[in-house]
Amino acid sequence: MADEDEALENKTVLVRSGSHMYDELRSFRTWFKWMCVDQSSPSSACLSWFVFSLLTVVVPWLSHYLLACSECDADHIRTYDCVTQLSMSSVAALSFICLSRFNKKYGLRRFLFLDKLCDESETVRNCYTQQLNRSTKILFFFVLPCFVAESTYKIWWYSSGGTQIPFLGNVIACILELSSWFYRTVVFFLVCVLFRLICYLQILRLQDFAQVLFHVDSDVESVLREHLRIRRHLRIISHRFRVFILWTLIFITASLFASLLLTTRPNADLRIYKSGELALCSVSLLAGLMILLRSATRITHKAQSVTCLAAKWHACATIDSYHWAENEFPPAAHRVDCNNGYNGSSDAEDVGDEEDELDNTKFVPSYAYSTISFQKRQALVTYFENNRAGVTIYGFMLDRTSLHTIFGIELTLMLWLLGKTVGVS
């Protein structure tokens, strides 16, 4: 009976969120269909896999083996084409497989947590809707500059005699290569932007959680329930994206070290005609990786800031209660004076926009702890200290310490490789 009630409640939630977010989600699905990554029906799934096989496998393979142009001059020989094609295709294949799995298993609405928005505050819903509308702009902000540079290079290469095929064949080959590059780049950045969008929703929830902590009617149980709900969503995000983030890091690391190995050879030709496409590929992959790591570390930092916020909340309540007991001041009068003394406008102007509901140096409002005992507050702070939330990859927390570790490992490998090639130690 309880399972039936829960299923009925979930069904109601889906209907409510569908009517609220329908227009925004329809435009997003239109973009999915235009990029041939929508697999909501058998026909669209077949079309999606056909386009993926054509633009990710067939076209790069034909381009590398049939248009190698070994008899061309030095400016048209594509020395680094193999590394470029393998890097782009491997990352695009990983992105497409993960995106197909997400779309098939969860559906777009559930994958973007739109079915849970009806449980959130109006501020969270509005901000998430705005960010959802901005996602396409963010995607093209990263893709279009690289695509313009790639188009310029390909047009020059084909128009200046890079191949011996007829003019019409040159046009078709150029269009196919540009379509393949654009498709692979967009699929990769699409998953990165979706991950950023989902992380942004959790940041909005954490900021709203700070308001729940300070609410006049809040108690320890309600605060704990809300935090457990946020932790569950973060665990779901970690479980869904851990394979993609881990293998993206491995593929991009391998691609960059292969590029470094080729470009540090004694006879390596690093002119823009030869190595420009390889550099453009590396920049695109690094930009996507930075989106993933920045989004993950940012949400982890915000989630762990809850511990500091709860400790400050507990300290303010304890200090205020001792002042009232020792000095016998009326609670309201003393608390108002305390808050005014530490929340000056001059300090706020010096800080600027760096503070928010989670990271700030303001005193906690007095009404936020007026009815909660010391033991309950201490138990809640202890719980936060021993249950840190965030995005994890198979148990490893993606925070700033993890970024330092990744940077140290990459730097060590790079110095080792440079020591083997150009003698740097």
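The values are calculated or read from the model by the stated rules, or taken from the named source; none is laboratory data. Quick caveat, the model's predicted, so the values are computed rather than measured. Quick note on the areas: whole protein, heavy atoms, side chains included, nothing else; ligands and nucleic acids left out. Shrake-Rupley method; radii C 1.70, N 1.55, O 1.52, S 1.80 Å.
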- line: Subtracting the Cα-Cα distance of residue 383 and residue 413 from 0.36 nm times their residue separation yields 6.9 nm
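Accessible area per residue for the range 97-176 in Å², computed with a 1.4 Å probe and the full protein assembly in place, what is it?
Accessible area per residue, the range 97-176: 52 Å².
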message: Give me the base-10 log of I(q)/I(0) for the range 25-154 at each q in 0.15, 0.20, 0.22 Å⁻¹, Debye formula, one uniform scatterer per Cα, rounded to two decimals.
response: -0.90, -1.28, -1.40
field: Among the listed pairs 104/137; 104/302; 116/137; 137/302, those beyond 27 Å (Cα-Cα)
entry: 104/302
